[in-house]
Each structure stands twice: as C-alpha cells, then as structure tokens.
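Down below is the structure, laid out as structure tokens.
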Amino acid sequence: MTERRWIKDPIATLAEGAERGVVVEGGRIVELVATGAEPAHPVHSVFDASRHVVTPGLVNTHHHFFQTMTRAHPKAMNRSLWPWITSIYPVWTRHVNAQNFRLAARLSMTELLMSGCTCASDHHYLFPSGLENAMDIEAEEAAALGLRMTLTRGALDLSGGEDSQAVAPGGAIQVDDVILADCERVIARYHDRSDGAMTRVALAPNAPFDVTKHLMRETAALAEKHDCRLHTHLVETAQEAAFAREKHGMTAADYLEDCGWLTNRTWLAHGIYFDDAEIAKLGWHGVGICHCPTSNMVLSSGFCRTKELEAAGVPVGLGVDGSASNDNSNLMEAVRHALMLGRLKYNAETVTHLDALRWGTEGSARCLGRDDIGTIAVGKQADLAFWSLDELRFSGAGDPIAALVLCGAHAADRVMVKGEWRVEDGMPVGIDLARLRYEHGEAAKAFLEAL
C-alpha cells in the first residue's frame with residue numbers, strides 16, 4: 001500500500017478548492033481539501049504546510065545547460081545576439097567535453113530545482129567529438145536528482161558561408177545520417193509516452209538558419225513516427241525574420257509549414273518577430289511558444305507578443321534560456337521578469353501575476369505536450385513547489401500568491417516531484433552544494449583561459 005499524505009493547511013494554494021491543502025498518494029494528487037473540510041479517507045501522514053504557499057512545480061521549456069561554463073564571460077558580455085554568439089561559439093566548441101558537460105548539467109538542474117522547477121527541457125545542440133553521449137549524461141543526472149526531463153536532442157548540420165546565417169564552427173557540425181541515427185537511438189532508449197513519465201524526448205534542430213531543410217523535414221517525419229515533440233529557435237531577432245523572407249521567399253511560419261513543422265507537436269523558443277498573420281497561423285495549428293524574458297532583455301532581442309499569441313490559441317510557456325545569455329538558471333526569476341516585461345509591453349491591468357505563473361506552469365506543460373503536470377488537480381502528478389514567506393522581502397504582503405511574483409521569490413523552501421521530496425529546507429536532497437560549486441568552478445577555468 002502506498003502512503004497517503006495530507007499536505008495540510010498551506011498559507012495559500014494556487015488551486016481552487018484546495019484551501020486546506022491536497023492529499024498525495026502514489027506520486028499523484030488524489031484529493032483537494034476545501035475550506036472547512038477534512039480528507040475523505042484516512043491518511044497515513046501529515047505534512048504541516050502552514051509556513052508555505054503551494055504552487056504547481058514550475059516547468060522550464062528552454063535551456064542550454066552547457067552554457068553555465070561561460071557565465072558573464074568577458075568575451076561575450078554587452079553584445080546583442082549575433083555578436084554574442086559569434087564571439088562565444090569557438091570557446092564552446094573547443095572546450096565543452098563529457099566531463100565538464102556533466103557538471104554543467106548537474107549544476108543547471110540543481111539550480112532549477114532550487115527555484116521551484118520540477119520539469120525541464122534542455123535544448124542541447126552541441127556535439128563535438130567526445131560528447132556524442134550528451135543525452136545519456138543528461139538522463140543520468142536528471143534521474144539522480146529526481147527532476148522530470150524532456151531530453152531535447154538538438155543538431156547543427158550547417159556552418160557559416162554564403163547565403164547562410166549559420167555561425168557554428170565546423171567542429172560543432174554533424175552530418176545528417178549521424179544526427180538522425182542518434183535521434184532514433186535516444187527515442188528508443190528514453191522516450192516514455194506514459195502518463196507521469198520522468199523522461200521524454202524531443203527532436204530539436206538548432207534553428208532553421210543553421211540546419212538544412214532536409215534535416216528539418218526528416219526530424220518532423222521522425223517525430224510523427226515516434227509521437228514525440230519538435231523544438232527549435234525561431235525569430236529571436238528581426239534579422240532572422242528578414243532572412244526567412246530574403247532566403248526562402250516566405251515568412252518564418254510559412255517556412256515551418258514547408259518543412260512539416262506546423263503542428264501541435266511543435267514548440268518554439270523566443271518567437272519575438274512574428275507578424276499578425278503568422279501568429280494567427282501558429283494559433284490555428286497549436287504551435288507553442290517558449291517566452292524567454294530574461295535572455296531577451298540581456299541580449300536586447302525584443303518583446304515576445306504573449307497576449308496576442310495566447311489570444312490566437314498559442315500555448316505560451318517560459319524558459320530561462322542559456323546560462324550564458326541569462327547567466328542563471330532560476331525559473332522563478334523568469335516568472336517575475338515575464339510579468340514586468342509584459343507590463344512594459346502592454347499595461348499593468350492586463351498582465352497579472354497569475355498570467356506569469358500560468359506561463360511558467362500550465363502553459364509550459366502544454367508546450368511540452370504534457371497534460372499530467374502544470375496544475376494542482378486530482379489525477380495530476382504531485383509536482384509541487386513550497387514557498388516560505390519568512391524573508392524580509394515578503395513582510396507586509398497582503399496577497400501571498402501575488403507576493404511570490406511581485407516581491408521576488410527566488411528559492412523554494414521545498415520541492416516535491418512525483419510525490420517525493422527533492423528539495424528540503426531550501427537544499428537539494430543528496431547534493432553537496434559546496435563540492436558541486438568547487439568542481440564546476442574548476443572546470444569553468446578552462447573557458448576563461450580561452451580569452
């Protein structure tokens with residue numbers, strides 16, 4: 001018999017009808033306990049949540065774990081996207097290897113967990129010689145931490161040249177046969193389509209400007225064959241939107257359609273420079289958008305049109321993006337930035353803290369094609385973030401849910417994934433943070449020495 005646990009009497013819960021908490025059993029939420037009620041059936045244990053605001057676990061839909069090795073890198077600072085990536089790509093290609101990638105993945109996942117994240121997707125597209133098993137490394141590290149994961153097998157098959165925006169050095173390029181064979185291998189080994197799966201797989205050519213149309217079409221066919229998701233960067237800058245029209249004679253959304261990607265199994269990173277017709281087309285087909293507010297501000301890329309996208313029927317989620325274009329892996333910070341950037345784009349009345357939290361939970365889950373996480377409801381996975389309001393920053397807050405966003409929550413006190421504690425008292429279970437910080441810092445020295 002599995003344990004039946006009552007998460008009892010939280011300060012507030014981001015769910016209607018759960019004022020007295022939730023009951024968890026077998027990794028799922030089995031009951032919401034409303035005001036004045038008790039659990040309908042006997043429970044085996046009680047967790048006193050009276051110090052906590054309880055939300056669904058946050059869901060990160062776009063990241064680049066390896067980039068934690070080049071945070072605030074002097075060679076790449078204070079640049080917009082294209083100068084930034086051109087300056088830093090050679091450093092990555094020469095120095096990312098299996099050993100430091102494992103540390104980068106472990107550190108990124110640990111940061112995410114500590115920020116209330118229970119499910120993540122990492123868009124890994126860099127496979128230099130010696131790093132062919134990057135997806136296996138990520139799967140191993142996620143399993144050790146207890147983080148739910150979409151392994152996003154990225155790819156580059158095009159280097160810079162005439163009529164190309166590609167900037168990847170030759171050492172980062174793989175041929176299509178190698179890419180597609182590894183996609184098949186990773187899907188066969190890790191893609192679990194069952195409800196409550198801890199590991200799923202998505203196929204993710206890096207961006208249409210640095211992969212061939214052949215690879216785009218072949219990955220779409222593989223995704224259809226194996227019922228997995230598709231992911232890529234798209235129109236993060238105005239330059240990319242113009243390139244699609246100049247190179248292909250069509251909009252970026254039309255190019256997606258030409259490649260077989262205009263489907264509800266697709267979600268896109270950034271999606272800043274879509275016009276009204278493209279937004280309508282994306283919404284019609286149910287294509288998701290991962291909004292990356294922090295990275296967009298750091299690189300001065302622009303504003304994602306979240307309100308128009310949602311109005312058109314586009315699922316909108318959140319991502320921290322790379323730890324070299326964001327410089328951290330804190331998803332709760334991205335929730336706050338999404339609110340602030342949204343208000344700067346629109347107004348204070350129509351973009352609320354509930355919008356930002358929805359993007360970071362339910363919206364992100366929809367982007368990943370998951371209906372078993374992202375909300376607090378009976379039958380959903382027990383993926384929960386517990387936030388304490390004990391810090392000075394929250395003193396005087398009248399609305400505890402709003403306070404998480406407006407007052408700047410950045411670290412969860414507890415995190416539960418599939419009914420198991422993965423963060424307790426602010427610390428990740430089973431991780432020596434001092435050792436991780438030291439080992440990661442030592443590995444990162446090689447990247448600084450590349451100056």
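Provide the net charge surrounding residue 324, with neighbours chosen by a C-beta distance below 13 Å and charges set as Lys +1, Arg +1, Asp -1, Glu -1.
Every neighbour counted, the sum reads +1.
Among DSSP beta bridges lying fully in the chain, give the percent that are antiparallel, nearest 5.
Numbers: 23 of 61 bridges.
Approximately 40 percent, going by the DSSP bridge assignments.
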### Query
So how strong a dipole does the stretch 1-90 carry about its Cα centre when Lys and Arg Cβ are +1 and Asp and Glu Cβ are -1, to the nearest 20 debye?
660 debye
### Query
Which one of 256, 131, 209 is farthest out on the positive end of the charge dipole of the chain, using unit charges on Cβ (Lys, Arg +1; Asp, Glu -1) and the Cα centre as origin?
131
### Query
If you find the alpha carbon centre of the stretch 66-89 and of the stretch 172-201, how far apart are they in angstrom?
28 Å
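Helix-derived [θ] at 222 nm for the chain: sum -39500 (n - 2.57) over DSSP H runs of at least 4, divide by residue count, nearest 500?
On the way: 15 runs with 162 residues, N = 451.
Rounded to the nearest 500, it is -11000 deg cm²/dmol.
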### Message
Taking the 0 to 90 degree range and rounding to the nearest ten, how far is the long axis of helix 176-190 tilted relative to the main principal axis of the chain, both from C-alpha atoms?
### Response
10 degrees
### Message
To the nearest 20 Debye, how big is the dipole of the stretch 254-394 about its Cα centre, given +1 on the beta carbon of each Lys and Arg and -1 on that of each Asp and Glu?
### Response
220 debye
### Message
So if I restrict to the alpha-carbon atoms in the stretch 72-139, what is the Rg, and what is Dmax, the biggest pairwise distance, in Å?
### Response
13.6, 34
### Query
Can you tell which of 228, 239, 280 lies farthest toward the positive end of the dipole of the stretch 189-309, using +1 and -1 charges on the Cβ of basic and acidic side chains (Lys, Arg; Asp, Glu)?
228
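Using a cut-off of 14 Å between beta-carbons, work out the net charge of the residues near residue 74 (Lys and Arg +1, Asp and Glu -1, residue 74 not included).
On the way: positive: 71, 75, 79, 445; negative: 327, 449.
Cβ neighbours under 14 Å give a net charge of +2.
Of the heavy-atom accessible surface of the stretch 380-424 (probe 1.4 angstrom), what whole percent is carbon and sulfur?
Using a 1.4 Å probe with all protein chains present, the stretch 380-424 comes out at 46 percent carbon and sulfur.
Once you have the Cα-Cα distance between residue 311 and residue 175, take 0.36 nm times their residue separation minus that, and quote the gain in nm to one decimal. Walk me through the intermediate numbers first.
Values: separation 136, 0.36 × 136 = 48.96 nm, distance 3.97 nm.
Roughly 45.0 nm would be gained on extension.
Output the antiparallel fraction of DSSP beta bridges having both residues in the stretch 1-94, as a percent to the nearest 5.
For the stretch 1-94, the DSSP antiparallel bridge percentage is about 60.
Per residue, how large is the accessible surface of the chain? Use a 1.4 angstrom probe and give square angstrom.
On the way: 16720 Å² over 451 residues.
About 37 Å² of surface per residue is accessible.
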### Message
Positive end of the dipole of the stretch 377-451, charges at C-beta (+1 Lys, Arg; -1 Asp, Glu), about the Cα centre: which of 433, 389, 421 has its Cα farthest in that direction?
### Response
421
### Query
Candidates [x] 30.5, 101; [y] 23.4, 77; [z] 21.2, 70; which is the computed Rg and Dmax of the Cα atoms in Å?
[z]
### Query
Carbon-plus-sulfur fraction of the accessible area of the stretch 189-263, 1.4 Å probe, in percent?
46 percent
### Message
Rounded to whole Å, give me the distance from the Cα center of the stretch 110-147 to that of the stretch 228-298.
### Response
25 Å
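Ranked highest first by average number of other Cβ atoms within 10 Å, how do 102-112, 236-246, 422-432 line up?
Working: 102-112: 24.2, 236-246: 17.6, 422-432: 15.6.
Those peptides, ordered most packed to least, come out 102-112, 236-246, 422-432.
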### Query
Any idea what the dipole of the stretch 46-201 comes to, in debye rounded to 20, about its Cα centre with Lys/Arg Cβ at +1 and Asp/Glu Cβ at -1?
600 debye
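The values are calculated or read from the model by the stated rules, or taken from the named source; none is laboratory data. It should be emphasised that the depicted structure is a prediction, and the values quoted were computed from it without experimental measurement. Neighbour counts are summed over all protein chains in view; Cβ atoms, including those assigned to glycine, are modelled from backbone coordinates with ideal geometry. The protein model used for the area step is the full one, side chains on, heavy atoms only, and it has no ligands, DNA or RNA in it. Shrake-Rupley method; radii C 1.70, N 1.55, O 1.52, S 1.80 Å.
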